[in-house]
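The values are calculated or read from the model by the stated rules, or taken from the named source; none is laboratory data. This is a predicted model, so every value here is computed, not measured. Note: ideal-geometry Cβ built from the backbone for every residue, glycine included; neighbour counts use all protein chains shown.
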Amino acid sequence: MDSRDSPGPEQLGARLRELREQSGRSLRSLASELEISASALSQIERGAMQPSVNRLLAIVTALDVPLAEVFEDRPVAAVAHAPHDRVVVTRAAAQPERVELGTGVVYRRLSPSHMQGVDFFESSYPPHSSGDEQAVLHTHEGYEVGNVTQGTLTIRFAEESVELGPGDSITYPSRTPHLISNPHDETAVAVWLIVHPEP
């Protein structure tokens, strides 16, 4: 992957710190809600540690911001939210930056602009990677719709696991504890739509 396409952990950490500060949350209060140490959260914000997929989703959920905000390099208040009644186009050469997370998972925003209530993105899971290093099931707000375009993903729920190959789709409430992983030898790519509940 071209390094120009993926910001380093320092940039991701700085963006998460910016979002936390804009929310008025202290490092300690957010860490307490996430049930991690303030030191661990500080390491994420300084770029010394990359968050897992599950940790990133837990952070944006606790801050009450959509996942799309992680891809923005401007303050939340300055982000132009596109009206739903006009055409917005982003050319391939100007795609938003990718975000690389723990275990090498990469998220890339697909929506051409920030759409309120919806996150539309692509995830790439390298061979033998997982959304959480400790294989912990995770929950967040909204519901998810996913379609695998390459490789095979396994989605584990409390009572069952579902394996999805190219062309397979799935939808489930995000409040259902789940973990996405790729236990295979080929990179798995999927397109996801997360729909957030009305405020």
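Within segment 13-68, being touching a strand residue (DSSP E or B) at 6+ places or on another chain (Cβ under 8 Å) and over 18 Å from residue 133 (Cα atoms) holds for 66, 67, 68. Scanning segment 98-111 turns up at least one residue that is in contact (Cβ under 8 Å) with a residue 24 or more places away in the chain, more than 17 Å from residue 12 (Cα to Cα) and out of contact with any Lys or Arg (no Cβ under 8 Å at 6 or more places or on another chain). Taken together, 27, 57 contain a single residue that is over 18 Å from residue 112 (Cβ atoms), at pLDDT 95 or above and surrounded by 12 or more Cβ atoms within 10 Å (Cβ to Cβ), which is 27. Taking each residue of segment 121-134 that is modelled with pLDDT of 95 or more and looking for partners that are loosely packed, with under 13 Cβ neighbours inside 10 Å with beta-carbon atoms closer than 7 Å, six or more apart or interchain, yields 127/185; 127/186.
A quick yes/no check of all residues on (1) crowded, with 16+ Cβ neighbours inside 10 Å; (2) among the hydrophobic types (A, V, I, L, M, F, W, C); (3) over 15 Å from the mean Cα position of the chain (by Cα):
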{"site": "116", "(1), (2), (3)": "no, no, yes"}
{"site": "142", "(1), (2), (3)": "yes, no, no"}
{"site": "152", "(1), (2), (3)": "yes, no, yes"}
{"site": "172", "(1), (2), (3)": "no, no, yes"}
{"site": "185", "(1), (2), (3)": "no, no, yes"}
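The residue that is surrounded by the most Cβ atoms within 10 Å (Cβ to Cβ), counting only those in segment 174-183 that are within 19 Å of residue 149 (Cα to Cα), under 17 Å from the mean Cα position of the chain (by Cα) and of a type outside the set (A, V, I, L, M, F, W, C), is 182.
Residues that are within 13 Å of residue 161 (Cα to Cα) and polar (S, T, N, Q) within segment 173-189 comprise 176, 181, 182, listed in sequence order. Checking the stated criteria, residue 193 turns out to be surrounded by fewer than 18 Cβ atoms within 10 Å (Cβ to Cβ), in contact (Cβ under 8 Å) with a residue 24 or more places away in the chain, under 24 Å from residue 104 (Cβ atoms) and in contact with a strand residue (DSSP E or B) (Cβ under 8 Å, 6 or more places away or on another chain). Applying the selection to segment 30-54, what residues are farther than 25 Å from residue 157 by Cβ and in contact with a Gly (Cβ under 6 Å, 6 or more places away or on another chain)? Hits for segment 30-54 are 44, 45, 46, 47, 50.
Screening the candidates 36, 59, 44 for the property of being more than 15 Å from residue 196 (Cα to Cα) and in a loop (DSSP other than H, G, I, E, B) yields one hit, 36.
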